[in-house]
Amino acid sequence: MKGLLVSGFAAIGAGSGAMLTLHAGSDLDPFHSVISEYVWQSAGWLLPASLTLFAAGAALIAEATRRAGMSRWIVALLLAWGASMFLIGAFPTDRPGVPLSLSGGIHRYAAFAAFLVMPAAGLLLARARIRYAGAMRLLSMLAVGALVLVVIPYVVRMFGIPLSNEDIPAGVTQRAVVVTELGVLTLAGLSLLRPSARRAVSPVMA
């Protein structure tokens, strides 16, 4: 169990380091530019590398939650988030101004799926009253709120109203979702480190 969790934290840490390195070496404006656009930078390979590491971390922590006897829904949601992260990295977004391609479509919907499932997993974990339940609930609700802000511009464009990322803080809202969801995943793992937390399984989790 501890080996799984430590490996999961290492993968999340390495993925975060790769993401920060990619941002540091880019000339894009993180206030307006979404993370997906960084794949077209000179060090763009760091984006799929980072997302793959996040996926690996989620899979390891999901296995730890399974061994701890938690709900199969929680395990499935964590695995779904990891699979979505992998797909986001494997299928890059389209260059700005290019019509939506198959790769861009998979990228977009995988990202939306990932943004949905992690808050759901966090709220289920919080209901189980595990360690850090309060913080996990707060981060999950913040992720949902940030996701709403991410989706609003897409809805506006569906009604034919021109709205570019330069008009809104698109980069900020997207990064808020990613950071809060990584926080939920990390807390899910940390909640299992204490032996007593692994032994006392709530009925909600069984």
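The values are calculated or read from the model by the stated rules, or taken from the named source; none is laboratory data. Note that the structure is a prediction, hence the values are computed from the model and not measured. Counting neighbours? That spans all protein chains shown, and the Cβs are built from the backbone with ideal geometry, glycine included. Keep in mind that these areas ignore ligands, DNA and RNA; they rest on the heavy atoms of the full protein, side chains included. Shrake-Rupley method; radii C 1.70, N 1.55, O 1.52, S 1.80 Å.
So how many residues does segment 63-76 have that are buried (at least 20 other Cβ atoms within 10 Å of the Cβ) and either among the polar types (S, T, N, Q) or part of a helix (DSSP H, G or I) (or both)?
Final tally of qualifying residues: 4.
Restricting the first residue to segment 123-134 and requiring it to be over 22 Å from GLY145 (Cα atoms), which pairs with a second residue that is among the basic types (Lys, Arg) and at pLDDT below 90 meet a Cβ separation below 9 Å and a spacing of at least six or different chains?
The qualifying pairs are ARG131/ARG194.
Being touching a residue at least 24 places away in the same chain (Cβ under 8 Å), farther than 19 Å from THR186 by Cα and over 15 Å from the mean Cα position of the chain (by Cα): is that true of HIS32 here?
So HIS32 fits the description; yes.
Step by step: first the residues of segment 130-177, then only those that are hydroxyl-bearing (Ser, Thr, Tyr) and surrounded by 15 or more Cβ atoms within 10 Å (Cβ to Cβ), then the one that is nearest to LEU51 (Cα to Cα). Which residue is that?
That would be THR173.
Okay, residues lined up against (1) of a type outside the set (D, E, K, R); (2) modelled with pLDDT of 95 or more; (3) closer than 16 Å to LEU182 by Cβ:
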position	(1), (2), (3)
PHE9	yes, yes, yes
ALA24	yes, no, no
LEU60	yes, yes, yes
LEU78	yes, yes, yes
LEU87	yes, yes, no
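Could you say which residue among LEU4, LEU47, LEU79, LEU60 is touching a residue at least 12 places away in the same chain (Cβ under 8 Å), within 20 Å of GLN174 (Cα to Cα) and assigned to a helix (DSSP H, G or I)?
Sole residue among the options that is touching a residue at least 12 places away in the same chain (Cβ under 8 Å), within 20 Å of GLN174 (Cα to Cα) and assigned to a helix (DSSP H, G or I): LEU47.
Counting only residues that are within 18 Å of the chain's Cα centre (by Cα) and modelled with pLDDT of 95 or more, give me the helices (runs of 4 or more DSSP H) lying completely in segment 100-206 with at least 3 of them.
Because the criterion is at least 3 residues that are within 18 Å of the chain's Cα centre (by Cα) and modelled with pLDDT of 95 or more, the helices (runs of 4 or more DSSP H) in segment 100-206 that meet it are 102-127, 133-158, 170-190.
Just to check your reading of the model, which residue among LEU51, LEU79, LEU4, LEU46 is buried (at least 18 other Cβ atoms within 10 Å of the Cβ) and touching a Lys or Arg at 6+ places or on another chain (Cβ under 8 Å)?
LEU4
Please determine, by comparing only the residues of segment 26-43 that are outside any helix (DSSP H, G or I) and acidic (Asp, Glu), which one is least open to solvent (accessible area, probe 1.4 Å).
ASP29
Tally up the residues in segment 8-26 that are under 23 Å from PRO153 (Cβ atoms) and free of Cβ contacts under 8 Å to residues at least 24 places away in the same chain, please.
Here the count works out to 2.
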